[in-house]
Amino acid sequence: MTLETLLASIGVLGTIQFAYMMLKNAESRSVDDSSAWGEDSSSRMKQDFEIARAKEIMRIASEFGVSKAKA
């Protein structure tokens, strides 16, 4: 192997590694970035979940309340 071939191989491998690292960083930023989903969207989903859970608890409580009143 000549010195030129060795330097070319190292250059190609370095370029591939650099491209891989850039792609990996871009993926992690797009997934972890809060602006991708938006904080309003996350808090809205949490609020909707809490409301749905509260409604279900009230529905179950009302079923037990009605059965005790009839008995």
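The values are calculated or read from the model by the stated rules, or taken from the named source; none is laboratory data. None of these values were measured; they are calculated from a predicted model. Don't worry about glycine lacking a Cβ; one is built from the backbone with ideal geometry, like all the others, and counts go over all protein chains shown.
Numbers below:
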quantity: Some residue of segment 40-54 being over 24 Å from the mean Cα position of the chain (by Cα) and at pLDDT 85 or above; calculated: yes
quantity: Answer residue from segment 1-39, given it is loosely packed, with under 10 Cβ neighbours inside 10 Å and β-branched (Val, Ile, Thr) and is modelled with the lowest pLDDT among those; calculated: Val31
